[in-house]
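The values are calculated or read from the model by the stated rules, or taken from the named source; none is laboratory data. If you're wondering where the values come from, they're calculated on a predicted model, not measured in any experiment. When we count neighbours, we look across all protein chains shown, and the Cβ atoms used for this are built from the backbone with ideal geometry, even at glycine.
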Amino acid sequence: MSTRTRADAPVPSAPSAANGKRQQGILRRLRSNYTFNVLMQGLVTIWAVTTFTFFLIRLMPGNPVQVKIDQLMNTQNVTYEQALAIAAGLFEFDPNEPVIQQYVNYLGKLLTGDLGVSITSAGTPVLDQILRFLPWTLFCVGLSLVISFTFGIILGLLMAFNRGSFLDNVLTGFASVTAGLPDYIVALLILLIFGVQLQWFQVGEFRGGVNPNIAPGFTLDYLGSVLKHAFLPVLVYVLGSIGSWMLAMKSSTISTLGEDYITVAQARGLSERRVLTAYVGRNAMLPLLTRLAISVGFVVSGAVVIEEFFQYPGLGRALYRAIPSRDYTTMQGVFLVVTSAVVLANIASDLVLGWLDPRVRVGKGGEK
Amino acid sequence: MIGFETVATTGGLIIGALFGLLPLGIGLRFGKIMAGISGFIACLLAGFACGFLGGVPMMILATAVVVSYAYVNRQDPFTSRAALDEVNFEETRAEFAIRQLAALGNGTRGFMRSLLRNKTGFLGLLGILFFVVVTVFGPLFVEYEGRARLDRREPGARSLLQPPSAEFPLGLDWQGRSVLSHMVHGGQKLIVTSVQAALIATVIAVVVGSIAGLVGGFIDQILSAIANFILTIPSFPLLLVLASVLTLDSNFGLAVVFAVLNWPPLMRAVRAQVLSLRERDYVEAARALDLGMWHIISREVFPNMISYIAVNFIFTIRVAMYSIVALVFLGLVPLQEPDWSVMIYVGRQQGVLFNPEASGMILSPIIAIALFQLSLVFFTRSLEEIFNPRLRSGL
């Protein structure tokens, strides 16, 4: 029997063809490599966004270069040529070059980490500005993401384990209502009800990122002020996002509870506590981890409305402030950072999930 | 446009009354008088509210419901247990149309029944209806106050602002105008623009998603890549920049820009659905019967996606309203009174956001937007449960 099977097996192809196949094989293996695919996709997306914003700003009707030229001619009484020269200096391009050449130059500068110079506050590199605003956003939104994810997971588990109980009904109601309200509406309601009507606190005290009269440093005063000013934005972000975490965790847990391996674990006589934490909880969290990674990406863009509302010195507010003054280099820079963050978070989520859950790795990368 | 208003008009009343005659007539003819009269009233109200825009769909629905009451026990030849040669398979076009209409009516009745059974969903529907009724019929009863009313200044008062009182149920705004009139007249544009935006996004998503799923290959790859690309960019910051670059001067333009940035999630879902439906047995059977692409899409694939699309549509209305209010709040789109979101913006510009006397002017639009959003959320939650019975035990 065995000899016949061997005889039926396909004959190895001729040596020359096999050689060619091996060369293709490296490429094909690279193409079907999960990590490589994820990374390439991310790079292509970043490049596409950069290109998109570049041409959006350069070629749109009423494009910023033209607007700046008009503005200069109107306000400073200069001729068109002079205005063009000034605008070219601000935007750092040579107007005599074709757009494609400008684009190549722009990409080349990006590769060296040069995002250009802010148009309105002349002389300030965009990168410096971004680095100044980024920590505030990362701190504020990051903190609230950690809080809402942790508590959302715990409460969602509680809801799923006590399904139909009074606790579940109350928490589900709370989650549906908070998840349904826009964050800025929550912010307004908190300020108007507790600040204005009930007078529990002075609204003005919470503006900005920190009290400007306190010298920066690792002093108790300064850190306290930072925390105090972050309190309301964090509260708003948490209220705005905890509901969806709770509901997602609840439904994920409920579907995990129906899995066969849970029954098996129970049948093995494992303690209930062990089944709930090690078997249900950990598996129910898997789909939420992807969402967490994606949320981390969107942390960087912050919430423009909330940051503007609380005058919080974050990246979202920087973007908003750049719009009326038509500071397009800043906009371009912020966009690049924000999108890169999302792309990196997506890559991280794909890789982490592929590592945690081998089914994903096989399903996506290993398909023939 | 005549007959396409979204506020109550006399012309709409006449249109509604004319359209209502059809269900009424059918109801009288077949002895289903209650159904006929309810159908007439429904058409009358829908026509009164929106002219042709509300009258035509309502006429079709009401007629279908009345027909479904009258159309009982007609033997369906395809499920008949009689011997094969006794069954009449011939069906004229009219008979076919009536059968379809009755099926639609039955579906509508079943849908309404399950909606009534679901408490939160019904609450959401009531909330949506409340705001629609107020914005559509309110202008008949409350006159719009567009000009400043300096004569309403109380002696000794620092501003024209007034908290709610018996005469002005929601108080006065910073120019002494009745907040109630602004609330009644100010919801229409916001709601219509949000619905438009969601409608355009849904249409783009369904068309592009179906093409990608059905055609496949290279076109699918390109369309999916575009969708993924748009999904990666944080859409609200991009909307901010686009709103400023494009200097949008119409609400419709805003709706289009929003739609262009927000179709990818639904498109991906539609594409996945089409791909999975393509492999189902009944679609294969239809293909084996050589029923043609259009038949397969409209009869076999589309009905299986409609529930998902409907839920997503309402969800997109919510997101659109969120984005539009935020854009107005930030002052990035041209402002026209009366509008709920403009009221909040003006309150902030005038520095009265935190003035206790301005509570009526500020809180009214905030609470209205919050309640409308909540109603939409509750309504979609129950829609999901109605369409997908598996969720009923889960959530």
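Couple of notes before you dig in:
For (1) away from every other protein chain (no Cβ under 12 Å); (2) within 17 Å of the chain's Cα centre (by Cα), each residue gets a yes or a no:
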| residue | (1), (2) |
| --- | --- |
| B:Arg318 | no, yes |
| B:Val325 | no, no |
| B:Leu335 | yes, no |
| B:Ser364 | no, no |
| B:Leu383 | yes, yes |
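Residue-wise test of (1) assigned to a helix (DSSP H, G or I); (2) at the interface with chain B (Cβ under 10 Å from one of its Cβ atoms); (3) among the polar types (S, T, N, Q).
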position: A:Arg274; (1), (2), (3): yes, no, no
position: A:Asn283; (1), (2), (3): yes, no, yes
position: A:Leu292; (1), (2), (3): yes, no, no
position: A:Val296; (1), (2), (3): yes, no, no
position: A:Gln311; (1), (2), (3): no, no, yes
position: A:Tyr320; (1), (2), (3): yes, yes, no
position: A:Arg326; (1), (2), (3): no, yes, no
position: A:Leu336; (1), (2), (3): yes, no, no
position: A:Thr339; (1), (2), (3): yes, yes, yes
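- Residue in segment A:152-161 that is buried (at least 17 other Cβ atoms within 10 Å of the Cβ) and within 23 Å of the chain's Cα centre (by Cα) present: yes
- Residue list for segment A:167-201, restricted to those being in contact with a Ser or Thr (Cβ under 9 Å, 6 or more places away or on another chain), closer than 21 Å to B:Phe372 by Cβ and not small (Gly, Ala, Ser): A:Thr178, A:Asp183, A:Val186, A:Leu192
- Only one of the numbered conditions (1) touching a Pro at 6+ places or on another chain (Cβ under 8 Å); (2) outside any helix (DSSP H, G or I); (3) farther than 30 Å from A:Leu319 by Cβ is violated by B:Pro164, and that is (1).
- Check on B:Ser244, at negative phi, at pLDDT 85 or above and either touching a Ser or Thr at 6+ places or on another chain (Cβ under 7 Å) or in a helix (DSSP H, G or I) (or both): no
- Residue in segment B:219-229 that is under 25 Å from the mean Cα position of the chain (by Cα), among the hydrophobic types (A, V, I, L, M, F, W, C) and surrounded by fewer than 22 Cβ atoms within 10 Å (Cβ to Cβ) present: yes
- Qualifying position, being under 24 Å from the mean Cα position of the chain (by Cα) and surrounded by 21 or more Cβ atoms within 10 Å (Cβ to Cβ), among A:Val280, A:Val236: A:Val236
- Residue within segment B:279-287 that is in a helix (DSSP H, G or I), touching a residue at least 60 places away in the same chain (Cβ under 8 Å), of a type outside the set (A, V, I, L, M, F, W, C) and touching a helix residue (DSSP H, G or I) at 6+ places or on another chain (Cβ under 7 Å) present: no
- Any chance B:Met267 is surrounded by fewer than 20 Cβ atoms within 10 Å (Cβ to Cβ) and either aromatic (Phe, Trp, Tyr) or in contact (Cβ under 8 Å) with a residue 24 or more places away in the chain (or both): no
- Scan of segment A:250-272 for residues that are assigned to a loop (DSSP other than H, G, I, E, B) and exposed (fewer than 13 other Cβ atoms within 10 Å of the Cβ), ordered by number: A:Gly258, A:Arg268, A:Gly269, A:Ser271
- Taking every residue in segment B:224-240 that is facing chain A (nearest Cβ under 9 Å) and pairing it with any residue that is not in a helix (DSSP H, G or I), at least 6 positions away or on another chain, the pairs with Cβ-Cβ distances below 6 Å are B:Pro234/A:Ser301; B:Pro237/A:Ser301.
- Evaluated against (1) at pLDDT 80 or above; (2) more than 10 Å from chain B (Cβ to nearest Cβ), A:Met331 falls short on exactly one condition, (2).
- In segment B:241-253, the residues that are closer than 13 Å to A:Thr53 by Cβ and at the interface with chain A (Cβ under 7 Å from one of its Cβ atoms): B:Val241, B:Val245
- Check on B:Tyr345, among the hydroxyl-bearing types (Ser, Thr, Tyr) and more than 10 Å from every other protein chain (Cβ to nearest Cβ): yes
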